[in-house]
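The values are calculated or read from the model by the stated rules, or taken from the named source; none is laboratory data. The shown structure was predicted, so the numbers you read here are calculated from the model rather than taken from an experiment. Neighbour counts are summed over all protein chains in view; Cβ atoms, including those assigned to glycine, are modelled from backbone coordinates with ideal geometry. Accessible surface is based on the protein model in full, side chains and every heavy atom, while ligands, DNA and RNA are left aside. Shrake-Rupley method; radii C 1.70, N 1.55, O 1.52, S 1.80 Å.
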Amino acid sequence: MILNIILPIISVVIGFAIVLLFKPKQNRNLKLLLAFSGAFLLSITVFSFLPEVYKTNNSNIGLFIMVGILLQIILEFFSQGAEHGHVHLDKNTVTFPWLLFISLSIHSVLEGIPIHGHHSLIYGIIIHKLPVAIILATFFVASKMSKSKTFLFLLLFALMTPLGVFLSTNIAILETYFQEISAVVIGIFLHISTTILFESNEGHKFNITKLLTIVAAIILAYFI
Ligand SMILES: [Zn+2]
Ligand SMILES: [Zn+2]
């Protein structure tokens, strides 16, 4: 339980530290990390999360998965894809990006809710969070936004998934609709992970490193 709270925070802290220490650009390694995270999250979803939720014999489960896909599409109108790893804000911005923040928060709180009921899910989430944290931190550090706003944004971002973990075990209604919410999160993951894989495949060029990275993520997720 305590690990489910701490690991997502550590993932964002590591992402922030990588940006401060190494100042990575939108480079090859980051793209590979993103491809790895997408393939890993998709595999965890398909191998264990999805079958576990279908086992519950709720005939409407598929409907909730589609709701999750739609919800993520709507959230991305506002976040412009931050959940799957790119930022489209103006670098000269000085105001706090509320729309980005709110849509990212809804996404992050929701993904925290099913963690405690599905054992390997936490790994999929922290690996998916790492490149997102790196990309967000890179943007904010390079932007004209003040250091305190940058820090506040990343701190709150780091706390959202743990908030979901906390709420899921402390709010009765979330316990009652646990499988339905889990199905919505499956839809969210199917959408972001397939988008990451789609976007990582620029121009359909054959890239052996990327392909091997994706295969490694699938194998690792299978055995975890
Ligand atoms: Zn995108
Ligand atoms: Zn997420």
Looking at the stretch 24-35, is at least one residue over 17 Å from the mean Cα position of the chain (by Cα) and modelled with pLDDT of 90 or more? no
Given (1) within 16 Å of ligand 1 (Cβ to nearest atom); (2) of a type in the set (S, T, N, Q); (3) under 22 Å from residue 115 (Cα atoms), number of the condition residue 43 does not satisfy: (1)
All conditions in (1) within 16 Å of ligand 1 (Cβ to nearest atom); (2) free of Cβ contacts under 8 Å to residues at least 60 places away in the same chain are true of residue 97 except (1)
Let me spell it out: the conditions are (1) open to solvent by 10 Å² or more (accessible area, probe 1.4 Å); (2) in contact (Cβ under 8 Å) with a residue 24 or more places away in the chain, and residue 120 meets all of them except one. Which number is the exception? (1)
Test set (1) within 16 Å of ligand 1 (Cβ to nearest atom); (2) under 14 Å from the mean Cα position of the chain (by Cα) - residue 158 fails condition number: (1)
Within the stretch 194-202, can one find any residue that is away from ligand 2 (no atom under 15 Å from the Cβ), closer than 16 Å to residue 68 by Cβ and open to solvent by less than 40 Å² (accessible area, probe 1.4 Å)? no
I'm checking my understanding of the structure. Among residues of the stretch 50-61 that are surrounded by fewer than 23 Cβ atoms within 10 Å (Cβ to Cβ) and within 28 Å of residue 220 (Cβ to Cβ), which one is nearest to the chain's Cα centre (by Cα)? 50
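Conditions (1) out of contact with any Lys or Arg (no Cβ under 9 Å at 6 or more places or on another chain); (2) closer than 18 Å to residue 224 by Cβ; (3) within 16 Å of ligand 1 (Cβ to nearest atom); (4) of a type outside the set (Asp, Glu), marked per residue:
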{"position": "89", "(1), (2), (3), (4)": "yes, no, yes, yes"}
{"position": "107", "(1), (2), (3), (4)": "yes, no, yes, yes"}
{"position": "113", "(1), (2), (3), (4)": "yes, no, no, yes"}
{"position": "130", "(1), (2), (3), (4)": "yes, yes, no, yes"}
{"position": "134", "(1), (2), (3), (4)": "yes, no, yes, yes"}
{"position": "145", "(1), (2), (3), (4)": "yes, no, no, yes"}
{"position": "149", "(1), (2), (3), (4)": "yes, no, no, yes"}
Give the stretch 83-122 a look and list any residue that's modelled with pLDDT of 85 or more and among the aliphatic types (A, V, I, L, M), or say none. 99, 100, 102, 104, 106, 109, 110, 113, 115, 121, 122
Given 83, 111, 76, which one is closer than 20 Å to residue 194 by Cα, open to solvent by 10 Å² or more (accessible area, probe 1.4 Å) and within 15 Å of ligand 2 (Cβ to nearest atom)? 76
